[in-house]
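Here the structure is laid out as structure tokens; the discussion comes afterwards.
The values are calculated or read from the model by the stated rules, or taken from the named source; none is laboratory data. Note that the structure is a prediction, hence the values are computed from the model and not measured. When we count neighbours, we look across all protein chains shown, and the Cβ atoms used for this are built from the backbone with ideal geometry, even at glycine. Each accessible area value is taken on the protein alone, full model and side chains, heavy atoms only, with ligands, DNA and RNA left out. Shrake-Rupley method; radii C 1.70, N 1.55, O 1.52, S 1.80 Å.
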Number of protein chains: 2
Amino acid sequence: MRILICFLGFSVAFGQQKPMEFVRPFIGTQDVGHTYPGATLPFGAVQLSPDTDTIPFSINGKYQADVYRYCAGYQYKDSSIVGFSHTHFSGTGHSDLGDILIMPNSGPIQWNPGTSSEPQKGYRSLYRHEEIAEPGYYAVYLDEPKVAVELTATERVGIHKYRFNEEKQSHLILDLTHGIYNYDGKNVWCFIRVENDTLITGYKQTNGWGRTRTIYFAIATSKPISTYHIKDVKPSTYKGFWRKFDTENNFAEGAGQGIKAALFFGAADEIQLRVAISGVSIDGALLNLQSEAPISDFTYYHKLASASWEKAFSVINNVEFIEPDDAINFYTAWYHALIGSTIYMDVDGKYRGIDQRIHQADGYTNYTTFSLWDTYRAEHPFLNLFYPKQNADMVESMQQHFEQSAHHMLPIWSHYANENWCMIGYHAVSVLADAIVKNNPYLKNPKYYLDAAQSTANQRFYEGLGAYMDLGFVAEDVSGSSVSKTLEYAYDDWCIAQMAKKMSNDTLATYYLKRSENYKNVYDEGSGFMRPRMSSGAFKNTFDPLSTHDQGFIEGNAWNYSFYVPHAPLELIKLMGGQKKFIAHLDSLFTMELPDVYFAHTEDIMREGIIGNYVHGNEPSHHIPYFYNFTSQPWKTQETTRLILKDQYRLSSAGMGGNDDCGQMSAWYLFSALGFYPFAPGASYYSLTSPLIKNATLHLDNGKILHISAPGNSAENVFIQKVSFNGARLTTPFIEHEQLLLGGNLVFEMGPKPNKNAFIIK
Amino acid sequence: MRILICFLGFSVAFGQQKPMEFVRPFIGTQDVGHTYPGATLPFGAVQLSPDTDTIPFSINGKYQADVYRYCAGYQYKDSSIVGFSHTHFSGTGHSDLGDILIMPNSGPIQWNPGTSSEPQKGYRSLYRHEEIAEPGYYAVYLDEPKVAVELTATERVGIHKYRFNEEKQSHLILDLTHGIYNYDGKNVWCFIRVENDTLITGYKQTNGWGRTRTIYFAIATSKPISTYHIKDVKPSTYKGFWRKFDTENNFAEGAGQGIKAALFFGAADEIQLRVAISGVSIDGALLNLQSEAPISDFTYYHKLASASWEKAFSVINNVEFIEPDDAINFYTAWYHALIGSTIYMDVDGKYRGIDQRIHQADGYTNYTTFSLWDTYRAEHPFLNLFYPKQNADMVESMQQHFEQSAHHMLPIWSHYANENWCMIGYHAVSVLADAIVKNNPYLKNPKYYLDAAQSTANQRFYEGLGAYMDLGFVAEDVSGSSVSKTLEYAYDDWCIAQMAKKMSNDTLATYYLKRSENYKNVYDEGSGFMRPRMSSGAFKNTFDPLSTHDQGFIEGNAWNYSFYVPHAPLELIKLMGGQKKFIAHLDSLFTMELPDVYFAHTEDIMREGIIGNYVHGNEPSHHIPYFYNFTSQPWKTQETTRLILKDQYRLSSAGMGGNDDCGQMSAWYLFSALGFYPFAPGASYYSLTSPLIKNATLHLDNGKILHISAPGNSAENVFIQKVSFNGARLTTPFIEHEQLLLGGNLVFEMGPKPNKNAFIIK
């Protein structure tokens, strides 16, 4: 708790607080969590947050750790702030965004940010961790120049307040060249116009992780700009003519690969900005500005932001925790689960599609940032349960992506009108299936979703999918990470089968159910592991089940990935030698000692993100603790998830053992803390575990109220004695989604020792 | 005539031909005319034309003559064709465009164009001048590969037909990196999508003369594309993931700084393409495609193109020339006068504004390419008289530019949503004033035009305008070409005064009339020339009235520019010492021998473009031959304009002695050939001269018919004996615009010797 208090900036008094008051946006902002502390609304298009560094990509094109380090633009331990930019990923494992940086400064104009070791040589500033970060609000005091900064946001507009405490020539730097993952050449083009003395518009176009990404902006100032300077303007190529003008000083228009501006406001001691963004056009940004933030009033927008978060948190209340501190992790996870995917359309419903054309969202809200390899597991099921409208609109956003895709595929990893093809699988089908199977009432065009899933699952060019369809497995010599791909394709195919079944298309259901058995084709009975195979059919000769490096797997090793058959757990247990052997194998995963040499190859996680050889910091294992529920020893699920909840989520800026991954790590926490988890999204059941809470009231979207209670729950009483729902005892460690939707009372009776008869195992 | 026939490709039979059959698009395509021979409609947005070369800008950034040489992409003497691109300036003095190049090829794919000296090393091809060029149609046979090419166009769609005569792997190259003035780095970004096997879309964005120019396209093929290859795709920066795919072969989407594609069609021996363009969006290009060219039928579009030109030429008929060959120059000039400014909006009226935002043209057609320093002189007056609707819409296009301009200025030299600031003055006000003073009935918002003109004339940052307003002249030490600027600003101010007067705003009229006298401030009585002055008020010490180089003038010397007071000819005559002295001075201009050393400094014209020291190839002198009408010797206007008509416009690809400048050179020809000229646009009168025609019937837009006849006219009978209009003898060598609009008969009686009493001089 010591570390936490140090960065809270205000004291914590547990008790009568609203849920959002427990949120600590700083959790995960150190090391690998890759969260950001700045101001945003639930699913807000603007994420206005301080950037402490954005190391350029190296000249020789080699991947650099520091690019990874600054995925969210901010690292808690850094001592200087470069400025405040408007777009940030939450918890990703790769980086982009950081658009439209604003930074107050004084004295002579400094056009470059300077370095962390010599901050005085640029416009960046030292700061102290007297920051305040709340949902929708961020404040910091900059040491040099002495400026009090406050940030809040509407959905599409960043609201800034700068109070200058010095007499020196105070001004604001607008740096359009700034960006996250800002390698040389990322900026493709910038455009800026001083429309009048309180309005600046323009756009910025980048070739980053999003290959062709353009963000338009409109900046309204609370006081008139007295003079301004625009740097690095690129003239028309007929240079002779441009040289006739002074295009740097008070010249109302500029364009070029990179553009910076310095805005002076006379003797003003406080400047407020409203910075609207749009993926569509300058007109879109102006429309967003006029619709969401027509007047200059920081306090008003701050109140609106708080109200917006309060409404989002109204889904849950009356939560009682075993330890008061758990409230912080719980509500912070809830917060992070609501900022992974974000709105990507203007207030009039216009948005830029993957085809780079402008579309009209017809009766839904268009979203972007789909880190699907991560979020299909628990994040989307979480939203589907508690925020079904938003999840249905995300599904429709994916469907529209499909309809606009030249490759006729649902998104793999998409952001801001770009497919970045990151990671593997075609897990959008899982999100679609989960929403369909669970009867999400807001689904817009479910009859088209099966077509989209089918088309996606049959694109031979994609990642060994041709070989998978021909051979029944991805061959390692055809496409790397072949085992991971085979297993995940098999699961995805099962999801398609569930959709087809739900829609009474038996032919398709049978076809994809058959394809979903392909996991068997990479099981090596000899080693007892899933193992890469070659086109010849033979298993790959060299094989080390502990290695994650170039061995047929990605973000995991054979130990972890061999459990990746969420859609057929009983069949897997059988395949791996039956209950007894399987349980022993599973036990080993959590208890074995992983030599450091293997950890060195494990991406994206801290040493602390590992329990034995179980890697919670990476996603492929997230369902594994729940595997015990399919054995005779469900209590091991209970003690393991409790261990993970306490061990892997800590009250610290470095509290996350791996990337939050757009809310997936947080959603795992939330489900597990509430006592149930979507073991196989696309299936209608949840797998039960030992809840972390003692009581919680959930206000479901259908108007029903679900009370979860865990009488006797404590740090020691981690074992379920029995579970009842609305008075009836549950005979399996599973509960149906439809049951939860009825509302009522889900009661976990807890005790210090396993009750081996807590459930009657089927 | 010999040269001409060589490039006609078909024999000429004078007599019963339609006007458009006399048009020879090849005139001006050699050396400095800078016209193009390809297919376009009147004011058509597509100019589909062969490019024979586009030499890159040199690395060290030095201006290169070859960039100038290929302003229109085509030089008649070149022996190879690089390909066929969709946008071309007509007759400009600087270059850009050349967008979306298509070239047929066979055998192994050649991704680069190769060089003119080694055409076989690239996709370019040798060709013979068996070309056919007609209004709206162009055909050529390529030697290697053997392909018969035909091109036509709708307003916004280029129509291609390729007949392959070889069995080798025939294919089409689509080179988005191609462009005119294609220096390294001009291409900012390209995007391409294979929507389906007969449709490709995308865009290309450049930083050329137009600083921020984007052209969107949609290409429909007559036969299915069997396989395709996309070159130089730029991946997302997360290269590891992109390397997983083969993004070059049949991968449906590409983007990057430069993109090329090769399209294969199986065994097809004929491929037709319809290539729609838009300045707005891919959707705009698709809309243009569907609206203008929904089906594949080359012959149909060729007929439409011919019909469109026939309609445009229906303004004039029954023309009888002194020499049959004059018909070719006359109708070719008429053709060139109708392709200088071009439509810049989609069929639904959407267009991109100077503010880079999308606007809706409300009740008018939006145009672009305003080379105003040239075209205000005769081109816009020509359109204002014979195509008043188009000219009114051009005026409104300029007004909208003003309303979107961050600098609050009307266009100076604008093209494709860009102000390139080329040349001097603010001559849009002349175009506005001319249309207002001449009561153009189609003017849309005349009440706003005066505001726009005023705002434009008071931007102190612009080209010494602040000094001009303070001192009464542009000081040479403040802004170069100071005399040219002072004189042209003064004329422009007079234009504003005419607008104000017409609108009964006497205060403004008086103010600008006073400013229009500023020409007097640069007259040096000592030398008898207009001469640069310094801020101190003193004339610049060094002064050579023959030099055009860095002496206070641009595209002219003191000899020519000293006559640049079109708005106050009588006052100028007085200023320069009275009639006798003035006439002698004027005579000298046409008869003196200009040493070669001075010609070396004269841009944009051929040695042949000079008569004495009179430079017809540059525009500042275009009114000078008509100055004699303000003296006692108007017959010298008559013999001089006749000399220029015959000497400066020749029946040859090299027939133009200077750039056609978006039709200005051609419009000079047309007015002069018809016997009258707009000496001072913004004034209501025309200045009369010896017509080149013997008879002509002009069908005015108001329904009236104007017959011009010149009984006795011949190569020798160049002198006006008397002029009558509708039976009444004219007593001055001037005629009012309103008179011509009445229709009727304008009769020039011609003779071999000057009739010194032809007019009673007032």
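Please work out if B:VAL319 is open to solvent by 10 Å² or more (accessible area, probe 1.4 Å), closer than 29 Å to B:ALA710 by Cα and aliphatic (A, V, I, L, M). Yes: the conditions hold for B:VAL319. The set of residues in the range A:171-202 that are hydroxyl-bearing (Ser, Thr, Tyr) and crowded, with 24+ Cβ neighbours inside 10 Å comprises A:TYR181, A:THR201. Whether any residue in the range A:363-377 is basic (Lys, Arg), within 14 Å of another protein chain (Cβ to nearest Cβ) and touching a residue at least 60 places away in the same chain (Cβ under 8 Å) is what I want to check. Scanning the range A:363-377 turns up no residue that is basic (Lys, Arg), within 14 Å of another protein chain (Cβ to nearest Cβ) and touching a residue at least 60 places away in the same chain (Cβ under 8 Å). Cβ-Cβ distance below 9 Å, separation of 6 or more or different chains: which pairs start in the range B:79-100 with a residue that is free of Cβ contacts under 8 Å to residues at least 40 places away in the same chain and end on one that is assigned to a loop (DSSP other than H, G, I, E, B)? Every condition considered, no pair remains.
In this entry, A:ASP325 is excluded by the filter for residues that are over 24 Å from the mean Cα position of the chain (by Cα) and more than 14 Å from chain B (Cβ to nearest Cβ).
A count restricted to the range A:662-691 and to residues that are assigned to a loop (DSSP other than H, G, I, E, B) and open to solvent by 10 Å² or more (accessible area, probe 1.4 Å) stands at 1.
For A:LYS694, the conditions (1) more than 19 Å from A:GLY744 (Cα to Cα); (2) charged (D, E, K, R); (3) buried (at least 17 other Cβ atoms within 10 Å of the Cβ) are fulfilled apart from (1). Kindly check whether there is at least one residue in the range B:712-728 that is hydroxyl-bearing (Ser, Thr, Tyr), closer than 25 Å to B:PHE630 by Cβ and part of a strand (DSSP E or B). So far as the range B:712-728 goes, yes, one or more of its residues are hydroxyl-bearing (Ser, Thr, Tyr), closer than 25 Å to B:PHE630 by Cβ and part of a strand (DSSP E or B). Considering the range B:112-153, the qualifying strands (runs of 3 or more DSSP E), each wholly inside and each with 2 or more residues that are farther than 20 Å from B:THR54 by Cα and among the hydrophobic types (A, V, I, L, M, F, W, C), run over B:132-134, B:147-153. Where strands (runs of 3 or more DSSP E) fall entirely within the range A:172-271, those with at least 1 residues that are more than 7 Å from every other protein chain (Cβ to nearest Cβ), over 30 Å from the mean Cα position of the chain (by Cα) and over 30 Å from B:TYR68 (Cβ atoms) are at A:187-196, A:199-206, A:213-221, A:227-231, A:260-264. Just one of the numbered conditions (1) in contact with a Phe, Trp or Tyr (Cβ under 8 Å, 6 or more places away or on another chain); (2) open to solvent by 30 Å² or more (accessible area, probe 1.4 Å); (3) of a type in the set (Gly, Ala, Ser) is not true of B:GLY655: (2). Open to solvent by less than 10 Å² (accessible area, probe 1.4 Å) and under 13 Å from A:VAL82 (Cα atoms), is that true of A:LEU151? When the stated conditions are applied, A:LEU151 does not pass them.
Scanning the range A:327-384 for residues that are β-branched (Val, Ile, Thr), closer than 30 Å to A:PRO625 by Cα and part of a loop (DSSP other than H, G, I, E, B) returns A:ILE339, A:THR369. With respect to the conditions (1) more than 22 Å from A:ASN702 (Cβ to Cβ); (2) more than 14 Å from chain B (Cβ to nearest Cβ); (3) touching a residue at least 60 places away in the same chain (Cβ under 8 Å); (4) open to solvent by less than 10 Å² (accessible area, probe 1.4 Å), A:HIS380 falls short on a single one, namely (1). Would you mind stating whether A:GLU488 is touching a residue at least 40 places away in the same chain (Cβ under 8 Å), touching a Lys or Arg at 6+ places or on another chain (Cβ under 6 Å) and within 29 Å of A:ASP544 (Cα to Cα)? Against the criterion (touching a residue at least 40 places away in the same chain (Cβ under 8 Å), touching a Lys or Arg at 6+ places or on another chain (Cβ under 6 Å) and within 29 Å of A:ASP544 (Cα to Cα)), A:GLU488 does not qualify. Right, B:GLN739: part of a helix (DSSP H, G or I) and either over 21 Å from B:PHE313 (Cα atoms) or touching a Ser or Thr at 6+ places or on another chain (Cβ under 7 Å) (or both) or not? In short, yes. Selection of the range B:522-554 for residues being within 18 Å of B:GLU463 (Cα to Cα), in a loop (DSSP other than H, G, I, E, B) and touching a helix residue (DSSP H, G or I) at 6+ places or on another chain (Cβ under 6 Å) yields B:PRO532, B:GLY552, B:PHE553, B:ILE554. Is there a residue being modelled with pLDDT of 95 or more, surrounded by fewer than 24 Cβ atoms within 10 Å (Cβ to Cβ) and within 13 Å of chain A (Cβ to nearest Cβ) anywhere in the range B:395-404? Checked against the condition, which is being modelled with pLDDT of 95 or more, surrounded by fewer than 24 Cβ atoms within 10 Å (Cβ to Cβ) and within 13 Å of chain A (Cβ to nearest Cβ), the range B:395-404 yields at least one hit. Residue count for the range B:225-248, restricted to those that are touching a Ser or Thr at 6+ places or on another chain (Cβ under 9 Å), under 18 Å from A:VAL478 (Cβ atoms) and at pLDDT 60 or above: 1.
A:VAL140 passes every criterion in (1) buried (at least 22 other Cβ atoms within 10 Å of the Cβ); (2) within 30 Å of B:SER405 (Cβ to Cβ); (3) among the β-branched types (Val, Ile, Thr); (4) out of contact with any Gly (no Cβ under 8 Å at 6 or more places or on another chain) apart from (2).
Annotation: A:ARG163 fulfils all but one of (1) part of a strand (DSSP E or B); (2) open to solvent by less than 20 Å² (accessible area, probe 1.4 Å); the unmet one is (2). Checking each residue in the range A:408-430 for being assigned to a loop (DSSP other than H, G, I, E, B), within 12 Å of chain B (Cβ to nearest Cβ) and touching a strand residue (DSSP E or B) at 6+ places or on another chain (Cβ under 7 Å) picks out A:ILE412, A:HIS415, A:TYR416, A:ALA417, A:ASN418, A:ASN420, A:TRP421, A:CYS422, A:MET423. In summary, A:TYR300 fulfils each of the numbered conditions (1) among the aromatic types (Phe, Trp, Tyr); (2) within 22 Å of A:THR87 (Cβ to Cβ); (3) open to solvent by 10 Å² or more (accessible area, probe 1.4 Å) with the single exception of condition (2).
Which of the residues that make up the range B:718-746 are without any contact (Cβ under 8 Å) to a residue 60 or more places away in the chain, crowded, with 20+ Cβ neighbours inside 10 Å and closer than 18 Å to B:LYS694 by Cβ? Listed by number, the list holds a single entry, B:VAL723. Filtered by the rule that a residue be touching a strand residue (DSSP E or B) at 6+ places or on another chain (Cβ under 6 Å) and among the β-branched types (Val, Ile, Thr), the range B:706-732 gives B:ILE708, B:ILE720, B:VAL723. The helices (runs of 4 or more DSSP H) located wholly in the range A:436-521 that include 2 or more residues which are within 21 Å of A:ASN557 (Cα to Cα) and more than 14 Å from chain B (Cβ to nearest Cβ) occupy A:482-502. When A:GLN638, A:GLN633 are checked against the criterion of being modelled with pLDDT of 95 or more and either charged (D, E, K, R) or assigned to a helix (DSSP H, G or I) (or both), A:GLN638 stands alone in meeting it.
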